[in-house]
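Chemist: This is the structure, below, for whatever I ask next.
The values are calculated or read from the model by the stated rules, or taken from the named source; none is laboratory data. Values in this document were obtained by computation on a predicted structure and should not be read as measured data. Neighbour counts run over all protein chains shown; Cβ positions are idealised from the backbone, glycine included. Please note that ligands, DNA and RNA were not included when accessible areas were found on the heavy atoms of the full protein model with its side chains. Shrake-Rupley method; radii C 1.70, N 1.55, O 1.52, S 1.80 Å.
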Amino acid sequence: MNSRAPRIIFLLVALGFCAYGVISQWSLIVEALGRMSPLALIGALAAGMAGLGLWMLGWRALLAGFGAPLGVRATTRIMFLGQLGKYVPGSVWALLGQVELARPYGVSRVSSGSATIMAMATTVATGCVTAAVALPLTSADAAGRYWWALALAPFMLACLHPAIVTRALNLALRAVRRPPLERPVGGRAMLLAVLWTLAGWALFGVHMWLLLPEGSPALAAGAYALAYVVGFLVIFAPGGLGAREAALVLALAPVITRPDALVAALASRAVLTTADLIWAGIGALQPRPGNETAPAGLDPEEQLRPRGIPQ
């Protein structure tokens, strides 16, 4: 995209579909929110926003690992404006949005696309791990019910090994007749992405727990992670609309009643949609492409390493 017009059109279309998703469930959402404590809703919103912020840092770590370090303000703008594309039916719009929004910052499509694909894979893999670890703690028969998540989690984490990631992405690039990666993603970048994403899952578990009438934090974290992964994999549902709520109700049903589970699921949808829109607004207020890249000669991964994380 060489002008602002296509980006503006993208954002308007994404916002339109986002509004449609809320309006289509408006009466149910209003009823669900009316049964919630204002303090619980505020706490859930704060936890959800913090979780999204940590996921953004995970994507930023991957972006630097692929040789395209950017500042936090730039990645905030790119990720949260681009992520509005998940509300458009189809599975590629958020990816395309982030790729094109990153172009004015001098980030190649290969680097931003690879980082975004890897962020998605990391989210799904760590979501399976979160569900596999948390749900068996909720009841005696949960381990048998969710055996597939427990079995899938180690395999998916193994697939995040940098050597496997690099080979898979290069094969995909060759299939579409694109040049290979400019540099393979490093182990430190992958580790940071996994750690940031797991920390984000913990906060999404807090957001869910605050919306439940009863149940443990483990139930909230595991049920939400499982529901999110299901909603993500149902690619025809924009933002996992409907699929995530159905999976969440089923995951919560052994512990709380289905009506209470549905209320919590709808409240979660409203809270996290609000969080997405707030983050998108914050992103829109960030400076436009300028001196956002790392200083020359500075190791891009070094500037992303939080204090206390060993090299």
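Chemist: LEU54 versus (1) modelled with pLDDT under 90; (2) open to solvent by less than 70 Å² (accessible area, probe 1.4 Å); (3) not small (Gly, Ala, Ser): which is the lone unmet condition?
Modeler: (1)
Chemist: Within the stretch 180-195, can you find the residues that are assigned to a loop (DSSP other than H, G, I, E, B) and in contact (Cβ under 8 Å) with a residue 40 or more places away in the chain?
Modeler: LEU181, GLU182, ARG183, VAL185, GLY186
Chemist: So which residues in the stretch 82-93 are part of a helix (DSSP H, G or I) and either open to solvent by 10 Å² or more (accessible area, probe 1.4 Å) or touching a strand residue (DSSP E or B) at 6+ places or on another chain (Cβ under 6 Å) (or both)?
Modeler: Selection gives GLN83, LYS86, TYR87, TRP93.
Chemist: Kindly list the number of the only condition in (1) within 17 Å of the chain's Cα centre (by Cα); (2) part of a helix (DSSP H, G or I) that fails for SER111.
Modeler: Going through (1) within 17 Å of the chain's Cα centre (by Cα); (2) part of a helix (DSSP H, G or I) one by one, SER111 breaks only (1).
Chemist: Give the residue that is modelled with the lowest pLDDT, with candidates limited to residues of the stretch 34-49 that are out of contact with any Phe, Trp or Tyr (no Cβ under 9 Å at 6 or more places or on another chain) and either crowded, with 16+ Cβ neighbours inside 10 Å or charged (D, E, K, R) (or both).
Modeler: Across the stretch 34-49, the extreme among qualifying residues is ARG35.
Chemist: With VAL234, VAL249, VAL176, VAL165 as the choices, which residue is touching a Gly at 6+ places or on another chain (Cβ under 8 Å) and among the β-branched types (Val, Ile, Thr)?
Modeler: On inspection, the qualifying residue turns out to be VAL234.
Chemist: Need the failing condition index for GLU214 against (1) farther than 28 Å from LEU15 by Cα; (2) buried (at least 22 other Cβ atoms within 10 Å of the Cβ), just the number.
Modeler: It fails just one condition, (2).
Chemist: Here is a check on your reading of the model: is SER112 under 27 Å from GLY186 (Cα atoms), of a type in the set (Gly, Ala, Ser) and touching a helix residue (DSSP H, G or I) at 6+ places or on another chain (Cβ under 9 Å)?
Modeler: Considered against the rule, which asks whether it is under 27 Å from GLY186 (Cα atoms), of a type in the set (Gly, Ala, Ser) and touching a helix residue (DSSP H, G or I) at 6+ places or on another chain (Cβ under 9 Å), SER112 comes out as yes.
Chemist: Return yes or no: is VAL107 at pLDDT 80 or above, over 24 Å from ILE235 (Cα atoms), out of contact with any Lys or Arg (no Cβ under 8 Å at 6 or more places or on another chain) and surrounded by fewer than 20 Cβ atoms within 10 Å (Cβ to Cβ)?
Modeler: So VAL107 fails the test.
Chemist: Next question, about the same structure. May I ask you to list the residues in the stretch 218-274 that are in a helix (DSSP H, G or I) and of a type in the set (Phe, Trp, Tyr)?
Modeler: Selection gives TYR224, TYR228, PHE232.
Chemist: Got a sec? Which of ALA132, ALA189, ALA163 is under 20 Å from the mean Cα position of the chain (by Cα) and closer than 26 Å to ALA68 by Cβ?
Modeler: None of the others qualify; the one that does is ALA189.
Chemist: So if I check each of GLY297, GLY290, which one is at positive phi and either modelled with pLDDT under 85 or basic (Lys, Arg) (or both)?
Modeler: The conditions single out GLY297.
Chemist: Which one of these is surrounded by 17 or more Cβ atoms within 10 Å (Cβ to Cβ), at negative phi and at pLDDT below 85: LEU233, LEU252, LEU262, LEU241?
Modeler: LEU241
Chemist: Looking at THR138, THR126, THR130, THR75, which is the one that is under 18 Å from ILE282 (Cβ atoms) and hydroxyl-bearing (Ser, Thr, Tyr)?
Modeler: Only one candidate qualifies: THR75.
Chemist: Moving to a separate point now. Of the residues ALA68, ALA119, which is in a loop (DSSP other than H, G, I, E, B), on the phi < 0 side of the Ramachandran plot and touching a Gly at 6+ places or on another chain (Cβ under 9 Å)?
Modeler: Among ALA68, ALA119, only ALA68 is in a loop (DSSP other than H, G, I, E, B), on the phi < 0 side of the Ramachandran plot and touching a Gly at 6+ places or on another chain (Cβ under 9 Å).
Chemist: Residues LEU157, LEU137, LEU150: which one is open to solvent by 80 Å² or more (accessible area, probe 1.4 Å), modelled with pLDDT under 80 and under 23 Å from the mean Cα position of the chain (by Cα)?
Modeler: Only one candidate passes the filter, namely LEU150.
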